[in-house]
Amino acid sequence: MDQGGRGSPFITSTDGTNNVIVWGIGAEDDQRLHGFDGDTGAVVFSGGGANELMAGTHRYQTAIAARGRIYVATDGRIYAFSVPASPFVLSNPTILDDGSFQFRFTNIPGMSFTAFRTTNLSLPFSKWTSLGTVVDDPPGQFQFTDGPSETEPSRFYRVRSP
């Protein structure tokens, strides 16, 4: 794994053991944030676009992961990167006794997700209804419940970050 410089690597995971990403800063080199799959070494984040260049990174510099972002402080500036969300599958789809629909999934604790709904899959995503934030409690265990509907026989859901 080439992190493109002399920054100090650090590691994140979704729960302390799964979906490990090794992060490095291209200090004194390409000045970009790099992420690698902890199991395979495959690149999962390769420094981003032109706006994601960090001026003034220094040798042995590290960053911090908090609430689904990576923060790098250098030379009077703070850079914030959105962490690529781990792929997930909605699980435990359940129709509750009152007719509400509930689903769950796991991901990085503190990440921000929004649930969307439509009754017509042919509509563009911009026309889907935003239902609000998907809450993680306990951390990394996300759950969303959509209230009952007698007028919509079929509903389709999508989750997006942020």
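The values are calculated or read from the model by the stated rules, or taken from the named source; none is laboratory data. This structure is a prediction, so every number in the text was calculated from the model and none was measured. Please note: Cβ atoms are built from the backbone with ideal geometry, for glycine as well, and neighbour counts cover all protein chains shown. The accessibility values were calculated without ligands, DNA or RNA, using every heavy atom of the protein model including side chains. Shrake-Rupley method; radii C 1.70, N 1.55, O 1.52, S 1.80 Å.
Details
- Where (1) -0.57, -1.28, -1.43; (2) -0.63, -1.12, -1.26; (3) -0.52, -1.26, -1.50 are the candidate values, the label of the one calculated here for log10 I(q)/I(0) by the Debye sum over Cα atoms at q = 0.12, 0.19, 0.21 Å⁻¹ is (2).
- Taking amide H positions as modeled 1.01 Å from N, with prolines and chain starts lacking one, the residues under 5 Å from S8 and 5 or more places away or on another chain are I25, Y60, Q61, T62.
- Candidates per chymotrypsin sites (Phe, Trp or Tyr not before Pro) in region 20-113, loop by DSSP, up to 12 other Cβ within 10 Å: Y60
- For T74, the amide hydrogen comes within under 5 Å of the amide hydrogens of Y79, counting only partners 5 or more places away or on other chains and with H modelled in the peptide plane.
- The residues of region 56-162 expose on average 61 square angstrom of accessible surface per residue, using a 1.4 Å probe on protein heavy atoms.
- Unit charges on C-beta of K, R, D, E only; dipole of the chain, Debye: 320
- Annotation: amide H of V44 within the under-5 Å range of G35, F36, D37, sequence separation 5 or more or interchain, hydrogens built in the peptide plane.
- On the beta carbon distance between D39 and R155, with R0 = 30 Å, the FRET formula returns roughly 0.25.
- Surface share of carbon and sulfur [accessible, 1.4 angstrom probe, percent] for the chain: 50
- Inter-probe distance in nm under a simple model that places probes 7 Å from Cα toward Cβ, at L90 and L53: 4.2
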